[in-house]
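The values are calculated or read from the model by the stated rules, or taken from the named source; none is laboratory data. These numbers come from a predicted model, not from an experiment. For neighbour counting, all protein chains shown are included, and Cβ atoms are generated from backbone atoms with ideal geometry for every residue, glycine included.
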Amino acid sequence: MRSTTLGPDGPEVGVIGLGCMGMSFSYDQATPRDETTLISVVHQALDLGMTLLDTADVYGPFTNEELLGRALQGRRDQAVLATKVGALTRDARGNPVMGLDNLPEHIRRSIDESLARLGTEYVDLYYLHRTDPQVPIEESVGALAEAVAAGKARAIGLSEVSVEQIKRAQSVHPIMAVQSELSLWTRDWMTEVLPYCQEQDIAFVPYSPLGKGFLTGRFSSHDDLPEDDFRRGLARFQQEALSTNLAIAERVREIAERMGATPAQVALAWVLAQGEYVVPIPGTKTPRYLADNAGAADIELSAADLAELDALPVPTGGRYF
Ligand SMILES: NC(=O)c1ccc[n+]([C@@H]2O[C@H](COP(=O)([O-])OP(=O)(O)OC[C@H]3O[C@@H](n4cnc5c(N)ncnc54)[C@H](OP(=O)(O)O)[C@@H]3O)[C@@H](O)[C@H]2O)c1
């Protein structure tokens, strides 16, 4: 796969990475996972040059980092490994639950725990997963900077942040990457954040670049979503919204057919066309989907194709609620 770097001074990565969340979390929870297949997908990604691997402590929680730790035994140096902190907290009984905690002491403890689960001495990129209104971002980034100074993280990233929050973080430490949702049906960050990242040579890592699978044409009805699947609760996947949104997936399919590509490849090629240091991390646990996604790096969209895709309608429903 052709490569780029995470900003001009960042590590080299394949232009498409691998999001590992769905291997352990959020999607299709009811179906038992075959760990051998999941690990083979991670290895397949590395073999294909999709070297940016994305996880977080909250995925599972913890089990996704543990899975990656096992997958990377003997292959750690081939990956550019990113994990995240801040979207996981503890309930009154001390059990891990989804929730914000960006306190410096939490971050200091969490990096050590993530490294132990990942079986590595450092991560290449340590993200603040979400901003926490209770904790000034400068304090959280200060704790991330300590992890960099201690050699536990090579660089700092932020997820789902505004330009103002990026600037405040930059006043404490350089930011290598911003990860936020970006796809043909989620363009919110393109107005301000993506241009700011490009101006500042900060890599932009689009998450859910396949619209959580919708843009591939896999889901034509709410009932197509597996039981216990996180998407069942999302606004765009409710039956009424989904019925309207199907027109978007159908247009992507038509364009893909004309080009001799798959809808996933067209969706990813459009994301790749948004800038030099833009590295999408499509998620999959399926070998043939991974191969399909890798093929997107070779798709060239003409100006006319891009204009057609740019003109796709805005979806019905917010990206989460
Ligand atoms: N920073 C954040 O807050 C945040 C939030 C969400 C996600 N993320 C990261 O972004 C990564 C990707 O996002 P995502 O998983 O939400 O959404 P996505 O990449 O847009 O879509 C994943 C879905 O698409 C399916 N899929 C993948 N390739 C396909 C193909 N070629 N053809 C048909 N279906 C295909 C997957 O199926 P199978 O799984 O069945 O293979 C899965 O259901 C995550 O893994 C995670 O690392 C970050």
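A few notes on this one:
- Within the option set LEU210, LEU234, being closer than 21 Å to ALA256 by Cα, touching a Gly at 6+ places or on another chain (Cβ under 9 Å), touching a residue at least 24 places away in the same chain (Cβ under 8 Å) and not basic (Lys, Arg) holds for one residue only, LEU210.
- Some residue of region 291-311 being closer than 26 Å to ALA79 by Cα, of a type outside the set (Asp, Glu) and without any contact (Cβ under 8 Å) to a residue 24 or more places away in the chain: no
- Complete set of residues in region 216-232 that are assigned to a helix (DSSP H, G or I) and either within 14 Å of the ligand (Cβ to nearest atom) or of a type outside the set (D, E, K, R) (or both): THR216, HIS222, ASP224, PHE230, ARG231, ARG232
- Criterion violated by ALA30 - all others in (1) over 25 Å from LEU234 (Cα atoms); (2) surrounded by fewer than 21 Cβ atoms within 10 Å (Cβ to Cβ); (3) hydrophobic (A, V, I, L, M, F, W, C) satisfied: (1)
- Total residues in region 109-161 satisfying the condition of being part of a loop (DSSP other than H, G, I, E, B), closer than 19 Å to ALA203 by Cβ and of a type in the set (Gly, Ala, Ser): the figure is 1.
- Restricting region 255-278 to residues that are part of a helix (DSSP H, G or I) and away from the ligand (no atom under 13 Å from the Cβ) leaves a set whose member that is farthest from the chain's Cα centre (by Cα) is ARG258.
- Every listed requirement among (1) closer than 26 Å to THR37 by Cβ; (2) of a type in the set (Ser, Thr, Tyr); (3) surrounded by fewer than 21 Cβ atoms within 10 Å (Cβ to Cβ) is met by THR284 save one, (3).
- Single match in GLY94, GLY69, GLY19, GLY74 (criterion: at pLDDT below 95 and either more than 14 Å from the ligand (Cβ to nearest atom) or within 25 Å of ALA264 (Cβ to Cβ) (or both)): GLY94
- Residue list for region 279-289, restricted to those being near the ligand (Cβ under 9 Å from one of its atoms) and among the hydrophobic types (A, V, I, L, M, F, W, C): ILE281
- For SER243: the one exception among (1) farther than 26 Å from ALA269 by Cβ; (2) surrounded by 15 or more Cβ atoms within 10 Å (Cβ to Cβ): (2)
- Residues of region 134-192 that turn out to be touching a residue at least 60 places away in the same chain (Cβ under 8 Å) and of a type in the set (Asp, Glu), as a count: 2
- Criterion (within 22 Å of ALA143 (Cβ to Cβ), touching a strand residue (DSSP E or B) at 6+ places or on another chain (Cβ under 9 Å), buried (at least 24 other Cβ atoms within 10 Å of the Cβ) and of a type in the set (A, V, I, L, M, F, W, C)) met by exactly one of ALA45, ALA56: ALA56
- Exactly one residue out of ASP305, ASP292 is away from the ligand (no atom under 15 Å from the Cβ) and either in a loop (DSSP other than H, G, I, E, B) or more than 14 Å from TRP185 (Cα to Cα) (or both): that is ASP305.
- So GLN200, is it over 19 Å from the mean Cα position of the chain (by Cα) and under 17 Å from VAL314 (Cα atoms): no
- Within region 36-60, the set of residues being more than 27 Å from PRO195 (Cβ to Cβ), hydroxyl-bearing (Ser, Thr, Tyr) and either within 12 Å of the ligand (Cβ to nearest atom) or outside any helix (DSSP H, G or I) (or both) comprises THR37, THR55, TYR59.
- Within the set LEU210, LEU144, the sole residue that is surrounded by 24 or more Cβ atoms within 10 Å (Cβ to Cβ), under 21 Å from the mean Cα position of the chain (by Cα) and either of a type in the set (Val, Ile, Thr) or within 13 Å of the ligand (Cβ to nearest atom) (or both) turns out to be LEU210.
- Residue match in region 22-35 (condition: farther than 20 Å from ASN293 by Cα, away from the ligand (no atom under 14 Å from the Cβ) and touching a Gly at 6+ places or on another chain (Cβ under 6 Å)): no
- Hey, ALA169 within 16 Å of the ligand (Cβ to nearest atom), among the small types (Gly, Ala, Ser) and modelled with pLDDT of 95 or more or not: yes
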